[in-house]
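Trainee: Handing you a structure now.
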Amino acid sequence: MLSEKLLNEKVLRDPIHNFVHIQDRVILDLINTTEFQRLRRVQQLGITGSVFHGAEHSRFGHSVGAYEIARRITEHFEQYYASKEASDGLWQADERLLTLSAALLHDIGHGAFSHTFEHLFNTDHEAMTRAIITGDTEINQILSQVSPDFPNKVASVIAKTYPNPQVVQLISSQLDVDRMDYLLRDAYFTGTKYGEFDIDRILRTMKPTVTGIAFDIAGMHAVEDYVVSRYQMYLQVYFHPVSRGMEVLLEHLLHRARELYLNAHDSERDFVGPLLQPLFSGESLSVADYLKLDDHVFMTYINMWRNHPDAILSDLSRRFLDRKPLKSIVIDDNTAPLLEDLEKVVAYAGYNPAYYTARNDAYDLPYDDYKPNVAKPRTQIDFLLGDGTHRELSELSPLVAAIKGQVSFDKRFFFPKDMLNIEPDELFADTFKTFRSYIHNNALTTPNPES
């Protein structure tokens, strides 16, 4: 039976968790599938490595890391909070393998270059994850050997429709195995300290309840530190303007390639190649075609497009490969109307604004309590007090209360860095001067002719 334990535990060395312990045949077999090994070729942080040069870790490492945290939690629950009867709200041992499988596979559907791929090609990695788990794949074959309905159970956990809220919240909530691993892992590989928090303390104070997962009040400060760490990572790493400038380049060069492909004759479409053709054709992408795509595939074609006869595609490809990101300035609702004038100045300087400018918003809600009436209510972080009552995190932490519901917005306008050229003998010196007159302290402002 695939649900049986291995005779000898397997371990993977890991820089975050020291060891990833593999004790089940099904987990080992899932890791060895074609679909899961593909995650080695998809970087966890997309092109953030262009800013933080150590950030070249993969979705593979993150996925086994999330699994390891889930393994530790379920082991802790089985030891201290094992269910004695169906209605006691404690941990049911038969949920263990489902939880571990869902944690391992939660990112199996991620595309190349992280979320940039989704924005451009209108794909949904969670929907693709469910399709891989339930479709004609090696992963589905392995899960089906546990039980015929096991793939659908795993998919329902990821879809947040599985009836046991404990399992769902461990995989997807405001404090889940996914977030805990990626914060620690991303902080480690980017060389930053913002994402560090006391995971051992958090796991020790985690408890199963009738309504899901709660935390012992003794762990409040560790959880508080986790929320603040996540907030800082978004501001300092995930929203980094240079990384976003590279993302804009990537989106625009792929958009240009797709435009050229769709407008070309059949004999002129070979610059895309067979792996990208199903994606660029605009037709519904099959799971099989999707799984052929990874960061390496795209980088190969982008390297070829460096010498493409189309000036825009070749230039954008060179800028991307040689790390020449678009520059950016901060904008707000008051200054946004000025962007049309700026785009005209960029066009006058010889750059097509459709490919060399962008308005990009970075958005995050660091923490919020449960609001049942919103479209996507968040599962709040609850604490269990000594008398058995529950309190929500922001009611206990003034620090978290200060950022609860506070949306972090970073709105920027991106443009070629060449527009800041200050050489007086340039052909477009007056144009560059006009452009600079709109900028003050790295933000868009009413133009100052004297600047």
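The values are calculated or read from the model by the stated rules, or taken from the named source; none is laboratory data. It should be emphasised that the depicted structure is a prediction, and the values quoted were computed from it without experimental measurement. Glycine gets a Cβ as well: all are built from the backbone with ideal geometry, and neighbour counts include every protein chain shown. Protein only, heavy atoms only, side chains kept; ligands, DNA and RNA dropped before computing areas. Shrake-Rupley method; radii C 1.70, N 1.55, O 1.52, S 1.80 Å.
Trainee: Within the group Gly350, Gly273, Gly282, which residue is touching a residue at least 40 places away in the same chain (Cβ under 8 Å), assigned to a loop (DSSP other than H, G, I, E, B) and not aromatic (Phe, Trp, Tyr)?
Mentor: That would be Gly350, the only listed residue that is touching a residue at least 40 places away in the same chain (Cβ under 8 Å), assigned to a loop (DSSP other than H, G, I, E, B) and not aromatic (Phe, Trp, Tyr).
Trainee: Can you run down the residue pairs with Cβ atoms below 6 Å, 6 or more apart or on separate chains, where the first is in the range 48-73 and under 13 Å from Arg179 (Cα atoms) and the partner is of a type in the set (Gly, Ala, Ser)?
Mentor: Ala66/Ala103; Tyr67/Ala103; Ala70/Ala103
Trainee: Now for a separate question. Within the range 50-59, how many residues are open to solvent by 20 Å² or more (accessible area, probe 1.4 Å) and out of contact with any Phe, Trp or Tyr (no Cβ under 6 Å at 6 or more places or on another chain)?
Mentor: Number of matching residues: 6.
Trainee: Now a separate question. Show the residue pairs meeting these rules: Cβ distance below 8 Å; 6+ apart or different chains; first residue within the range 124-148 and under 18 Å from Leu100 (Cβ atoms); second residue part of a loop (DSSP other than H, G, I, E, B) and of a type in the set (D, E, K, R).
Mentor: Thr129/Asp107
Trainee: Sort out which residues of the range 404-435 are more than 16 Å from Gly245 (Cβ to Cβ) and either at pLDDT 90 or above or hydrophobic (A, V, I, L, M, F, W, C) (or both), and write them in order of number.
Mentor: Across the range 404-435, the qualifying residues are Val407, Phe409, Ile422, Leu427, Phe428, Ala429, Phe432, Phe435.
Trainee: Among what's in the range 256-303 and is farther than 17 Å from Thr123 by Cβ and under 26 Å from the mean Cα position of the chain (by Cα), pick the residue that is most open to solvent (accessible area, probe 1.4 Å).
Mentor: His296
Trainee: Run Phe121 past the list (1) at pLDDT below 95; (2) touching a Leu at 6+ places or on another chain (Cβ under 7 Å); (3) buried (at least 21 other Cβ atoms within 10 Å of the Cβ) and report the number of the one that doesn't hold.
Mentor: With respect to (1) at pLDDT below 95; (2) touching a Leu at 6+ places or on another chain (Cβ under 7 Å); (3) buried (at least 21 other Cβ atoms within 10 Å of the Cβ), Phe121 is out only on (3).
Trainee: Run Ala112 past the list (1) among the small types (Gly, Ala, Ser); (2) open to solvent by 10 Å² or more (accessible area, probe 1.4 Å); (3) under 16 Å from the mean Cα position of the chain (by Cα) and report the number of the one that doesn't hold.
Mentor: For Ala112, the exception is condition (2).
Trainee: Take the residues in the range 353-364 that are open to solvent by less than 20 Å² (accessible area, probe 1.4 Å) and outside any helix (DSSP H, G or I), then tell me which one is farthest from Ala336 (Cα to Cα).
Mentor: Asp364
Trainee: Could you list all residues from the range 22-47 that are crowded, with 18+ Cβ neighbours inside 10 Å, in contact with a strand residue (DSSP E or B) (Cβ under 8 Å, 6 or more places away or on another chain) and over 20 Å from Arg96 (Cα atoms)?
Mentor: Selection gives Leu39, Val42, Gln43, Gln44.
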